[in-house]
Structure formats: structure tokens, C-alpha cells
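Below is one structure, written out as C-alpha cells; the observations come after it.
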Amino acid sequence: MRGFLTQSASSLRRLSVALPPQRVSLLRRAFIFVVTLIVVAVAAPRAAAQKVELSIDASKPGAKIDRNLFGQFAEHLGHGIYDGIWVGSDSTIPNTRGIRKDVVAALKAIHVPNVRWPGGCFADGYHWRDGIGPQRVVRLNPDWGGVIEPNTFGTHEFMDFIDQIGSDAYVSVNLGSGTPHEASDWLEYMTAAQATTLEKERAANGHPAPYKVALLGLGNESWDCGGNMTAEYYLDRMKSFSHFVRNYNPAQLEKDQMLKIAVGPGGGEERWTDWTETVMKAYQQHTWSWDINGLSMHNYTVVKWPPAFKSVGFGEDEYAQILKTTLEMDDLIRKHSAIMDKYDPLKKVALVVDEWGGWYAPLPGSNPGFLVQQNSLRDAILAALNINIFARHADRVRGANIAQMINVLQAMILTDHEKMALTPTYYVYKMYVPFQDSTYLPVTFEAGSYKHGDFSLPRVDALAAKGKDGKLWVEITNVDPHQAAEVELNVTGINAKSALGQTLTAPKVDSVNTFESPDTVVPKPISASAQGGKLILQLEPKSVTVVAVEP
Ligand code: AHR
């Protein structure tokens, strides 16, 4: 290297004799710049891979990691439903009875366990009769941009969509502006098998067989957009809805019973802990006439309100801050679980985190009421960290719905007319499919720390489980955007011979998939075979990896 530099300097000197002084100075500066670059590149230390020993104890299985932790949320908001799912049967976009075929195929591949619908805030203003029959009621959507709500996507269209993607319905009834009577009629309309007037109306509208409603939301954020209620007032209304809103589907009377989810907290402050106390204390004393099976919790990763962080075009500062903030999910779950444990030590009531995800500034030029944002590698890592938190609390957290499925907030899918792109978060959901209904296995490791500015967070995270397929599945997130991780996997009781799976990373923390470049952030195969009795995985910086360990 020294020889090259000396030779080049003397060549420059030779050249300077022949050229005018101005050109020489320009040349000299260019030369110095190039040399500096070379020196920096050569001198910069290559970050050594961080060594992580990861031990899994397959002999101590924990709770079931409920498939409902991988639930989705689809609200009548922006292009979440219209364009995202529904294009109408006369559209040139390939569809089945008005529902996009490309979106259905993509969602089938991630085995969506349930879809929460029709909101969100929208649910507490929704009147189900507007969305059935040949004549739909056209209204406004005051919560989200004040746009026209045509109600062309209603109960039958939602159930058709659920059926096409092979998922379950999580229906949120209107407890805010509706009545128990209205909600009770809706459930009878959807689920009755006997020849009632509502059952006949459903049949006349094209569906003689009763629908299955797996989960029922008793309102949404009743402390805010759902009616600004006190906990006590909500409790009274909720009891009444819980009693009168019945599921009549004969197939759900014994097993597969519909689970009722009450509105729960939206944060960790006293107002929210009081809310959880009020609902759970009442649950402890509940009589035969009302019941709940879950308490909802909403927690977005947002940092500032209104959301100001960019969803693309950000650097390491915002990467570190968002991921640090997202880890607060763990404390929040602990806090509310502790209250639930007081009143429900047998953990009959699930904590259902039915709205969560990164919430950033709307993309420039988009309708701010449509909550349009991009989805980057950072979101993939954010998703993995949260799913792992849910799984570690799987004995209490038995449901979660990321917000929202298509075109809204931290989406799986982005569409624009006939175009569709799958997001980095989508690929995380795909890679985690083997964890659905798997059994949690304890995993120990020294995480180390990734530090940036004032932020310090665990460098790696990991989850292990025994899948329904009998295989041992391991997920490892390398949060550090600079340093690779060399992970040594030790499994008690198993002589691991190899590991095979997929890893997701990208050139930058804010790399995204676009309609023009849809494959910037896509999983790639990864494998390792045991050497000297050790199974070693080399993980890229800022990556999410899922492997099956083979004995
Ligand atoms: O997901 C967007 C909105 O966030 C939902 O409608 C509401 O429940 C929450 O505040």
C-alpha cells in the first residue's frame, strides 16, 4: 500500500509541471480525497462478530404460544378495506366476489389466525344494518378523514374475506353509540341456525349457514374515541352487552365458544391501572349473567404525539429510539398482568394486545386521516421484539392484533390500484408461522448491549419453541445495526446436528419494499451444521432469523 501511495504522489508531481496552477490544485484535492478514502477504508476496524451463547432447555416446556398472537386488524380507515381488500366484482383487478386475489394469496401464506373488524374507533359508530342487503347506506367516516363510507364491504363481504384467507372473525360491536339490542340482533343475524326472522334475512342475503364468530370485542377504547366513559360507566354497559349479545351458532355452543374481550387499558399511568382494577375486580365477583374471556390492551410505539417520526428516510438515532421505546411493551404487560393476577390467579382472562405497532408521521402528500406510512427493516425488528415479548408472557397474553393489516400504520401489505408490495413486517409474520400454537421453551443468553447516543438496549433477543410439527424452532433478532452476531446454539437433551431457516436483513435500517423495488427486504436462506459438537449461526447486523434445529 505504501508503494502505491508514493508512486501516485510522484506521478502527481510530474503532472503538475505540465498543467496550469488552478487545475493542479483541483487535481491535488481530488487526489488527497481519494487517498483519504482508501486510508479510511483500510484502517477502519471491521466490527468483530459478537459471540452469543444461547442455551435452550427442551425439557422444561412452558405455555402455549397461542396462534392468536399473530392476529390482524382491519378497520374502515383510509385504504385498509377499500382498495386494500375490496375492489368490487367489476374491477379489472383480479378478484373473487370483489375481494383481491393477490391480497388473499399473500395473507393465506402467513396463516392469519383472526382479523379484528370493523374498528377501532370506527366500530363504535358502526351500524351493521348499513352494510347488508342489496341497498347499502352511504355515510361519512368522521373518525378517519371524513370521507364517504359506501358500506359496500359489510358483514357478508367480511365473512367471505375471512373464509378466503382461512381465518377467524374477531368482530367488535358498537358499544359506544349503539345499544345491546342492536349488537344482539347482529349476533343473531350472523350466528342463528334456527328459522328466526334474522336467520331468514341472512339466508336471503346469500348465506343460509350460520357464521362463526370466534372473538367478540365489547367496544373499543371506550375511555376515548369509544365514548369517553369512566371505567365504572363502561363496566355497567359492558355487563349488559356481555349478557345480551349471544352467539347462537350450534357449532360454538360447546367447544369453540366465542370469546368476549372487554375494553382494557391504553397505557401504564394511573388512569389505566385504575381501569384494569375496575374491570378485573368486577370480574372476580361476576355472576352467571355476564362474563369476559379477555381484556384488551392498546399500545403503539409512537414516541411523540402527534406521531412525528418518519417511517422511511431516517437514520440510526430514530432507529435506536423507536426500538428502545417499543421494549416498553414488556413493562406494560407486566404491570397489567400483575393486577389481573390479583383478581384472576388462574389466568382465565387473557390479556389481548389487540392494537399495537409503530405509528409514524403520515407520508408526505397522503391524507393525514388515512394513517399512511412506509414499513422498513426497523419495523421488521420491532415486530420480532414485540412478538417475543408476547410469547414470553404467553400464559396471560393469548391474543394480539397488529395495526393494521393493509395500507394503514404498520401494515403487512401495501397496495396501489393493481400494484401490491409485501412489507418487511409481512416477512416476519411469515417466518414466525411455525411458532403459531407452539410450546414455549426457556432460552438463556447474555444479550450484551447495543448503544447509540443516549440509548442502550439489548443487542440480541431470542425465542425458542417446540412447534406443532414437533420441531425445535429458534428465533434470534440482532438489533445491532453494525455488528454481526455469532450464535452458538446449545440444546439440552438434543444433539443438534444442523439448523435451517431464513434470515431477514437489508442494506439500511430504513430499507423498504416499494412497488418499483418490492424485493429489497426479503428473507434469504440460512443454515448451519454442527462443527466439533457446536452449532454456530452467523447472523448479519440488524436482522431477524428463524431456524429449525435438526437433531
Ligand atoms: O388504529 C388506529 C386507531 O388507533 C384505532 O381506530 C383506535 O382504536 C386507536 O386509537
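Structure values in brief
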read-out	value
Of all accessible heavy-atom area on the chain, the percent that carbon and sulfur account for (1.4 Å)	55 percent
Volume of the Cα convex hull of the chain, divided per residue and given in Å³	182 Å³
Pairs from Lys471/Lys524; Lys347/Lys468; Lys310/Lys466; Lys108/Lys212; Lys101/Lys260 whose Cα-Cα separation, in the structure shown, is over 27 Å	Lys310/Lys466; Lys101/Lys260
Centre separation in Å (Cα based) which lies between the range 73-88 and the range 480-551	34 Å
Two-decimal ratio, the range 435-506, of alpha-carbon radius of gyration to 2.2 N^0.38 Å	1.26
Efficiency of FRET between Asp102 and Ser498 - r from beta-carbon atoms, R0 30 angstrom, step 0.05	0.30
Three-way shape call for the range 257-340 based on the alpha-carbon gyration tensor, with the a/c threshold at 1.5	prolate
Options Leu351, Gly467, His417, ranked by Cα towards positive dipole end of the range 335-474, top entry (Cβ charges)	Gly467
Near-label residues of the range 475-500 by backbone N, under 17 Å of a point 7 Å along Cα→Cβ of Glu316	478-485
Share, in percent, of DSSP beta bridges within the range 123-273 that are antiparallel, nearest 5	25 percent
Inter-part distance where the range 262-277 and the range 338-372 are each reduced to a Cα centre, Å	12 Å
Estimated FRET transfer efficiency (Leu346, Thr514; beta-carbon r; R0 56 Å; 0.05)	0.70
Protection proxy ranking of 524-533, 64-73 - average other beta-carbon atoms within 10 Å, highest first	64-73, 524-533
Most to least accessible of His336, His127 (protein chains only, probe 1.4 Å)	His127, His336
Euclidean distance between Cα centres, the range 400-465 to the range 181-220, Å	35 Å
Computed accessible area, Lys304, all protein chains, 1.4 angstrom probe, square angstrom	110 Å²
Cα shape, the range 65-143, gyration tensor, a/c 1.5 rule	oblate
Residue-span extension gain [Thr287 to Asp454] - 0.36 nm each, minus C-alpha spacing	55.0 nm
Relative contact order for the chain, counting Cα pairs under 8 Å that sit 6 or more residues apart, in percent	18 percent
Nearest-20 debye value, the chain charge dipole, Cβ charges on Lys, Arg, Asp, Glu	2060 debye
Point-to-point label distance, Arg136-Ala109, nm (Cα→Cβ direction, 7 Å offset)	2.8 nm
Heavy atoms of Val213: accessible area, 1.4 Å probe, square angstrom to 10	0 Å²
Relative contact order computed over the range 325-387 (Cα-Cα under 8 Å; 6+ residues apart), in percent	36 percent
Global geometry of the range 319-470, whether rounded, prolate or oblate, following the gyration tensor of its Cα atoms and the 1.5 cut on a/c	prolate
Virtual spin-label span in nm between Arg334 and Lys419, 7 Å along Cα→Cβ	4.5 nm
Nearby aspartates and glutamates by direct alpha-carbon distance to Lys348 (threshold 19 angstrom, same-chain neighbours under 8 apart not counted)	Asp66, Glu254, Asp256, Glu277, Asp291, Asp395, Asp437
Heavy-atom accessible area per residue - the range 466-523, 1.4 Å, Å²	43 Å²
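The values are calculated or read from the model by the stated rules, or taken from the named source; none is laboratory data. Because the structure is a prediction, the values reported are computed rather than measured. Here the Cβ is made from the backbone with ideal geometry for all residues, glycine too, and neighbour counts use every protein chain on show. Just the protein is used for accessible areas: all its heavy atoms, side chains included, with ligands, DNA and RNA removed. Shrake-Rupley method; radii C 1.70, N 1.55, O 1.52, S 1.80 Å.
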